[in-house]
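This report refers to the structure that appears directly beneath it.
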Amino acid sequence: MTATTPLWEVFIRPRNGLAHKHVGSLHAADEVMALQSARDVYTRRGEGNSIWVVPSAAITASDPDQTAENFEPTADKIYRHPTFYEIPDEVGHM
Amino acid sequence: MYSQGLIGADGRTEETPEFLERFQRRIDAEEKIEPKDEMPEGYRRTLVRQIGQHAHSEIVGMLPEGNWITRAPSLRRKAALLAKVQDEGGHGLYLYSAAETLGVSREEMTEELLSGKAKYSSIFNYPTLSWADMGTVGWLVDGAAIMNQIPLCRCSFGPYARAMIRVCKEESFHQRQGYEIVMTLAQGTPAQKAMAQDSLNRWWWPSLMMFGPHDADSQHSDQSMAWKIKRFTNDELRQKFIDATVPQAEYLGLTIPDPDLKWNEAKGGYDHGPIDWDEFWRVVKGHGPMAKDRIKARKKAWDDGAWVREAALAHAEKRRARKIAAE
Ligand SMILES: [Fe+2]
Ligand SMILES: [Fe+2]
């Protein structure tokens with residue numbers, strides 16, 4: 001079997017002012033071909049005006065087994081939210 | 001077509017009852033399962049198989065229509081058909097990458113298709129004999145695919161659901177351009193109308209078979225429904241398709257080739273005649289009229305493209321080496 005062609009993650013910015021958003025992945029030998037393929041595969045109907053391609057192998061992901069210890073502590077820190085603080089109505093909008 | 005992806009799927013699992021229960025609770029709460037989440041091996045296997053077969057169907061599905069691109073009757077039709085076939089290639093790619101998130105490689109999936117180990121939708125093993133078939137395929141085959149694919153947008157596996165949302169956005173054009181072709185023929189000369197009717201006669205029953213066996217004969221359906229991979233049964237989807245399509249045929253003045261087809265007031269849907277399941281299983285098992293040609297064409301494309309893949313990798317390697325040398 002021939003060598004496998006590397007995998008790339010594709011990010012597209014729908015229009016100026018928005019962030020690039022992950023749309024999917026594709027295989028390509030290098031970044032030049034990855035960009036060309038991303039244009040053909042993910043932007044056939046005006047989905048965006050800018051593309052990023054990133055080697056999938058370069059992404060480090062958080063561990064789903066640690067989801068609880070990573071993200072749950074934020075739930076009990078309600079003092080991080082503006083509604084935690086009582087401001088009298090007379091003060092007006094704040 | 002895509003419920004055929006469950007044929008031969010093995011959803012059996014060996015995990016502990018607690019583990020399976022915890023997983024089922026997530027599914028019941030409509031949580032999406034993402035690639036790195038823990039999941040029963042049977043869930044993973046079922047999805048690899050179904051998404052793989054779905055991807056293969058999109059890719060092989062390019063062949064019957066590709067057959068007519070050079071012979072499209074006008075530039076408008078040619079441009080539309082070319083765009084549709086390109087979309088189907090894109091659908092295959094979205095789906096292959098969704099399957100790859102489950103740990104199967106593109107190369108493995110390609111090898112399974114070419115060796116005949118992996119199946120694809122039985123519909124693509126029928127020949128496209130006339131230009132009218134380009135209309136009927138868009139109208140009926142893409143129409144049936146849409147019925148199957150819309151509920152898949154809510155599939156419990158995140159990457160599959162996201163791929164299906166992209167696919168569904170593009171399918172509507174496929175069906176409409178097909179219906180427009182059939183409509184032009186149906187409203188044309190008597191010979192053109194006869195061509196449209198002949199095409200409907202050949203594609204009607206194979207289109208109904210795309211939804212897979214009747215619920216009573218569909219072994220793997222229950223587990224897939226429980227895991228919310230599937231949201232509707234084969235018969236439910238087939239019924240929806242018939243009910244939607246019959247009035248469309250009536251509008252064209254074409255006759256559905258089923259003498260038993262009639263409106264059933266009590267159930268609020270059409271009753272239909274018996275489906276030839278012997279033919280269905282023959283075609284699924286690779287004895288369809290075009291089965292050999294389809295795989296031969298895919299194999300040729302894969303083999304002929306080998307030097308391109310190798311050259312692209314060699315070129316990438318050369319560029320990398322040059323860059324390192326310059327640093
Ligand atoms: Fe498609
Ligand atoms: Fe389509």
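Laid out as a table, the results:
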quantity	calculated
Centroid-to-centroid separation of segment B:195-223 and segment B:262-327 [C-alpha atoms, Å]	19 Å
Total charge dipole magnitude, segment B:51-153, about the Cα centre, Cβ charges on Lys, Arg, Asp, Glu only, Debye to nearest 20	460 debye
Chain B, relative contact order in percent, only Cα pairs under 8 angstrom and at least six apart counted	21 percent
Computed FRET value (nearest 0.05) for A:ARG80 with B:LYS323, which takes r as the C-beta separation and R₀ as 45 Å	0.50
Interface residues in segment B:76-125 - accessible area drops by 20 Å² or more relative to the isolated chain, probe 1.4 Å	B:GLN86, B:ASP87, B:LEU93, B:TYR94, B:SER97, B:GLU100, B:ARG106, B:GLU107, B:GLU111
Protein accessible area in chain B, 1.4 Å probe - carbon and sulfur %	57 percent
On Cα atoms only, tilt of A:31-42 relative to the major axis of chain A in degrees	70 degrees
Normalised contact order of chain A, rounded percent, pairs of Cα under 8 Å and 6 or more residues apart	27 percent
All lysines inside 16 Å of B:LYS262 as judged from Cα atoms, apart from same-chain residues fewer than 8 positions distant	B:LYS240
Listed residues B:GLY273, B:GLY116, B:ALA196: farthest to the positive end of the dipole of the protein assembly as shown (Cβ charges)	B:ALA196
Estimated FRET transfer efficiency when R0 is 22 angstrom, pair B:ALA216-B:SER105 (beta carbons, to 0.05)	0.05
Difference of contour (0.36 nm per residue) and Cα-Cα distance, B:ASP278 to B:ARG231	14.3 nm
Rounded accessible area per residue of segment B:1-142, 1.4 Å, Å²	39 Å²
Mean Cα-pair separation over length for segment B:185-306, i.e. relative contact order, pairs under 8 Å, 6 or more apart, %	20 percent
About the Cα centre, charge dipole magnitude for chain B (Lys/Arg +1, Asp/Glu -1 at Cβ), debye	1360 debye
Normalised convex hull volume, chain A, alpha-carbon set, Å³ per residue	164 Å³
Buried accessible area, chains B and A (both chains, 1.4 Å probe, Å² to nearest 100)	1900 Å²
Förster-model FRET efficiency, 41 Å R0, B:LEU20 and B:SER74, C-beta, rounded to 0.05	0.15
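The values are calculated or read from the model by the stated rules, or taken from the named source; none is laboratory data. It should be emphasised that the depicted structure is a prediction, and the values quoted were computed from it without experimental measurement. Reconstructed Cβ throughout: ideal geometry from the backbone, glycine too, with neighbour counts over all protein chains shown. Side chains included, ligands, DNA and RNA excluded: accessible areas come from the protein's heavy atoms. Shrake-Rupley method; radii C 1.70, N 1.55, O 1.52, S 1.80 Å.
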